[in-house]
Structures are given as structure tokens and as C-alpha cells.
Amino acid sequence: MAPPEAVPQVPEAAGDTAATVLEARSVSKRFPGVVALDDVTFSLRAGETHALVGENGAGKSTLIKVLTGVYRPDGGELRMTGEPVRFSRPFEAQQAGISTIYQEVNLVPLMSVARNIFLGREPRNRFGLIDFARMHRETGDLLDGFGVRVDPRRPLHTLGVGTQQMVALARAVSVNAQVVIMDEPTSSLEPREVETLFRVIERLRGQGIAVLYVSHRMDELYRICDRVTVLRDGRHIHTGDLADLDRMQLVSMMLGRDLSEVRRSGVTSFAAEGHEAARTPVLTATGLSSRLQLHDISVSLYAGEVLGLGGLLGSGRSETAKALSGALPLDKGELTVDGTTLKRLTPAAAIRAGISLLPEDRKAEGIVPGLSVRENIVLAAMPRLSRAGVVSRAKQDRIVDIFMKRLRIKASSPEQKVGELSGGNQQKVLLARWLCLEPKVLLLDEPTRGIDVGAKAEVQSLIDDLAREGLAVLLISSDIEELIEGADRIVVLRGGAVAGELSGDDVAEDRLLEVLADHAPQPADRDPAAQEDPR
């Protein structure tokens, strides 16, 4: 079926640079076997918040990297305030007034908060030495405006992911930027931090600074963005006022399908067909405790069901998944898989028992970006594929071919570096790595974080298929709708302990919100340390 034309394509007028601060004219970018950008024209106006949307692989990340000097375009040109520019490296783009906040925090973990914010532009005293007192003072004043209370001397890696993201935001807006590019900036933030971010964006707009906003969260886009540009398969599909599009039209253009197809795929529910879980637990965890992180966690996972794990940031969701996979040392507790108790819970023992974990941070804890798609997929299966220390390439190729087709991984070939793939395809590569081990239990920590609506629907449908095939799935998600639609039961955590469990008709949004509200810490009860390190 031909792509819909619900809204006409509106290319940017190449000659109109009035109020335009950053512009890409007919930009193209090619990689071996892949055209990442094909004659894309795009402009960003001073004082606007402009949404950039598209499926994974649509070209969003590539366009951002061209705009910020990471990649040089193979064709076309860039302009700043009407003048042609060429960026050979990111520093040149920063010097020109383009700041970027990436989904994965790209600061220096071992340096202090203050050093990260002022890196490369540290204040100096009259002797030419770094003026640490002034740097710490100005850092504190800057972070106060973002609602962050943290010692500027504290090493960045000791903070939670959400707080690190706020530090990255503070650094980006503290320079004399004309353009601030935000790539999934709310993916690691608490609701209160999201509100702070939106206030900062409004302040930037008031100062005439242009904001390019990349997010898969429709609520955010429609709340704060003025215009939207849609990319699909590396091509420019549409640019126009976001208010002129309803959500279904926007999704339709992103997917290249008509509205009836989008409506069918967009409401896919993991549990829609109500698969019946056998009531024999595949995994039983009892009394899992780890100092300051988990307190007497007990859960059971059954074959053929999806168990949701809900809670606010800092509730212990990721820590529970890591404990079940042997990645978090425990002070006490017991784990049983298929009736056998694991005497020593380590990652290797968990994998042997049939437990696989897809971690939240795919770049830091999952993919190996410098290795190929093939090498990443078979990484965990190497011991099974080898005989006398020799790994069969034929077996590798057979497994990789099966899972690239099943998961619809988009790559030029199995030998393409996984770091060159879109976020959604990287996530599928990780899923393939663990599925090729034929696990009994699959632990998914934010499996759709940072991926677009098309890839999200594919991952959701895959999870449902896996559960129907008898796999026990633990699903962690910050998206309440995703938990409600995807889970047969939901265990709610708070402060590293079980706060409640929902099943049957109680698996509903109002009931989940009720449990979260009943157990959410009140402002007067908040621990100051928890405020500065929400994760």
C-alpha cells in the first residue's frame, strides 16, 4: 500500500532564512550499503521548539550528527544565520553556538560535577590557575535553577542517571548557545525533573534560542513543540506546525502506512489475547536483600506470563532485575529456577539456569559498538557454538540469519558495526543475543526506552509472542500504559521493597496510580540524599 498523504509534504524554502538560525540544505549522508540521509532539507528558527520524529533508522540521529559536526555530509550544505558553515568536529559546532544533550549522558564520570559543567572553559584567577572557588560557586548557582541540590565537588559517577542528565542539561545551556539539541532528554528524568526541563525550554525560547527536540513521547511533543519535521527511511517527509496534525496523522507519516493500519498496530497489547499462564512457577525469589538497595523482595514468575515491575524512579526496579540475574550481590535471599535452588547466584550461574537480562542502559551494559551485528548477537552463545575451543562460523551465520529475520533487524549486513545502527535496532540485537540462548526467564529493563513508536510496537508484539511460546517475562517500564497493556500481573516497588501487587481486573491504570500514590514519599518525608540522586 502506498504511503499516506494525509498531510501534504511541505519542504523548507531554501531561500527563506528570515529568523532561521540553523539550516540543512539538500543534505545527504551515506554509509557502506546504506543511504542514511537522502536530500534532506531542514531549518530551525530562533525561539522555537522544533520536534524531529521518525522511526528508528529514519535518519534522526544521523541528521543530528551532521548538524553537530560528528559526521560530514556527503552532499548539500549547512548554514548558520544564513551563512554557509562546515564543521570538521563537534568542538567547531559548539564554538558556533550548537549545544547537544544526548540520551546517554556523554560527560566525564570520574570528574566532579563542576569540572564537567566548565570543561574546556574553566574560570581562571590572575595567576592563570583554575579558580575552583568561583567554579564551585557558579556551578551551585546554575544547578539551583534546575532544582538540583548536589555538591559541585562530587564525582559525577556517584550520581543517579537522572541527576547526571540534569547536569548535562545545565552544561548545555550555560554556554552561549544559539541552538540546543535535545535527544530523548526526559528518558532518565523523574516527573518533577521533566517539569523543570520544560520550564528551562520555555526560558530558552524566551531568550530567542532554538531548541531541536527529539522524543518518542507524544504527550511531550504536543505540549512543548511548535513545529515538527518527519523523516522516514532517510528522507524528509513533512515539516509544518504540530498543532495542524493529530497524533494518528503524525504516526501515519512516520510509519508510511494509512491511518487504519496505524490504528490496528498502535493498540497492540502484549496481553490482548489473554494467554493463560501455567501456574507452575519457573522462577521463585524469596527474601532478596541487598544493603541500602533491596529489602526482602519476593516474586514469582510463571511460564507464559508477563510480570510487570512498577514503581517510581529509585524504587528498586532495576536493582531487582540485576539481583535476579546475579549482577547485584545479595546479603540474603534465595532463588529457585524450575525447582532447583541456585546455591551461588552469579551472572554465569543465572545464565546457565536459563535467566537472561536485557539491561536498561544498552550502550553502557549491553552492546559492544565496535563489533559487528553478528559478533554482538553470538557473544553470549560462544561457549555453546564452540568445540575444542573452535567456534563454528556456519553455526554463527545460521543463528544470526534466523534472529535478524525474526526480529526484523535493519542493517546493511551482519558485518555492519552495531554502533552504526539506530537505537531500536541496537535493542533488537541485544534481544537476539539472549534469545539465541533459549532462556526460560527473560528480564526486560525498559525495553522500549528511547525507541520510536514503530519499533516500540514491534518489540511489544515480540514480547507477547515470546510469552505465548511459554517464556516467563519480567517487564520493567516507566510507561504506565505500557505496563497496563503488557502485563498479566504487576508488582509495585517502593524504596526497595514490595508495596503491592495487582492482578486480574486490578491491572488497570487507576489502580496502579492509586498504589503508587498511596506509597509515594511525601515532600516532608523525602531524604535529601534521595533528592540529589533519584536513580
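Taking the residues in region 300-349 that are among the basic types (Lys, Arg) and surrounded by fewer than 18 Cβ atoms within 10 Å (Cβ to Cβ) as candidates, determine which candidate is nearest to Ala497 (Cα to Cα).
Among them, the one singled out is Lys332.
Pick from Ala432, Ala467: which is out of contact with any Pro (no Cβ under 6 Å at 6 or more places or on another chain), in a helix (DSSP H, G or I) and closer than 30 Å to Val230 by Cβ?
From the options Ala432, Ala467, the qualifying one is Ala432.
Do we find that Ile297 is crowded, with 21+ Cβ neighbours inside 10 Å and either among the hydrophobic types (A, V, I, L, M, F, W, C) or out of contact with any Pro (no Cβ under 9 Å at 6 or more places or on another chain) (or both) in this structure?
Judged against the criteria, Ile297 is a match.
Quick one: which residue in Phe118, Phe91 is on the phi < 0 side of the Ramachandran plot and surrounded by 14 or more Cβ atoms within 10 Å (Cβ to Cβ)?
Result: Phe118 is the single residue among Phe118, Phe91 that is on the phi < 0 side of the Ramachandran plot and surrounded by 14 or more Cβ atoms within 10 Å (Cβ to Cβ).
How about region 59-84: which of its residues are over 18 Å from Ser99 (Cβ atoms) and touching a Gly at 6+ places or on another chain (Cβ under 7 Å)?
Gly59
Of the residues that sit in region 456-468 and are under 25 Å from Gln396 (Cα atoms) and in contact (Cβ under 8 Å) with a residue 40 or more places away in the chain, which one is surrounded by the most Cβ atoms within 10 Å (Cβ to Cβ)?
Ile463
Mind counting the residues in region 319-358 that are free of Cβ contacts under 8 Å to residues at least 12 places away in the same chain and either among the β-branched types (Val, Ile, Thr) or under 21 Å from Ile463 (Cβ atoms) (or both)?
Within region 319-358, residues that are free of Cβ contacts under 8 Å to residues at least 12 places away in the same chain and either among the β-branched types (Val, Ile, Thr) or under 21 Å from Ile463 (Cβ atoms) (or both) number 1.
Among the residues of region 367-382, is any within 30 Å of Ser300 (Cβ to Cβ) and in a helix (DSSP H, G or I)?
No, there is no match, as no residue in region 367-382 is within 30 Å of Ser300 (Cβ to Cβ) and in a helix (DSSP H, G or I).
From Gly424, Gly333, which residue is more than 26 Å from the chain's Cα centre (by Cα) and among the small types (Gly, Ala, Ser)?
Only one candidate passes the filter, namely Gly333.
Pick from region 8-36 the residues that are touching a strand residue (DSSP E or B) at 6+ places or on another chain (Cβ under 6 Å) and within 14 Å of Val230 (Cα to Cα): which of them is modelled with the highest pLDDT?
Glu12
If Leu159 satisfies every condition in (1) surrounded by 20 or more Cβ atoms within 10 Å (Cβ to Cβ); (2) within 16 Å of Asn116 (Cβ to Cβ); (3) out of contact with any helix residue (DSSP H, G or I) (no Cβ under 8 Å at 6 or more places or on another chain) but one, which is the exception?
In the conditions (1) surrounded by 20 or more Cβ atoms within 10 Å (Cβ to Cβ); (2) within 16 Å of Asn116 (Cβ to Cβ); (3) out of contact with any helix residue (DSSP H, G or I) (no Cβ under 8 Å at 6 or more places or on another chain), Leu159 misses (3) alone.
Any idea how many residues of region 132-155 are under 18 Å from Val175 (Cα atoms), surrounded by 13 or more Cβ atoms within 10 Å (Cβ to Cβ) and of a type outside the set (A, V, I, L, M, F, W, C)?
8
Going by what's in this entry, would Asp219 be described as at pLDDT 60 or above, over 28 Å from Asp488 (Cα atoms) and assigned by TED's automatic domain parsing to the domain that holds Val53?
The answer is no for Asp219.
Can you pull out every residue in region 287-336 that is in a helix (DSSP H, G or I) and not hydroxyl-bearing (Ser, Thr, Tyr)? Step through it out loud before you land on a result.
First, the residues of region 287-336 that are in a helix (DSSP H, G or I): 317-324.
Correct list: Arg317, Glu319, Ala321, Lys322, Ala323, Leu324.
Name every residue in region 337-363 that is in a helix (DSSP H, G or I), basic (Lys, Arg) and over 18 Å from Val429 (Cβ atoms), in order of residue number.
Within region 337-363, just Arg352 meets the criteria.
Which residue is nearest to Ser315 (Cα to Cα), if the candidates are limited to region 501-519 and must be in contact with a helix residue (DSSP H, G or I) (Cβ under 7 Å, 6 or more places away or on another chain) and surrounded by 19 or more Cβ atoms within 10 Å (Cβ to Cβ)?
Leu512
The values are calculated or read from the model by the stated rules, or taken from the named source; none is laboratory data. Being a predicted model, the structure only gives us computed values, none of them experimental. Because the Cβ atoms are built from the backbone with ideal geometry, glycine has one as well, and the counts that use them run over all protein chains shown.
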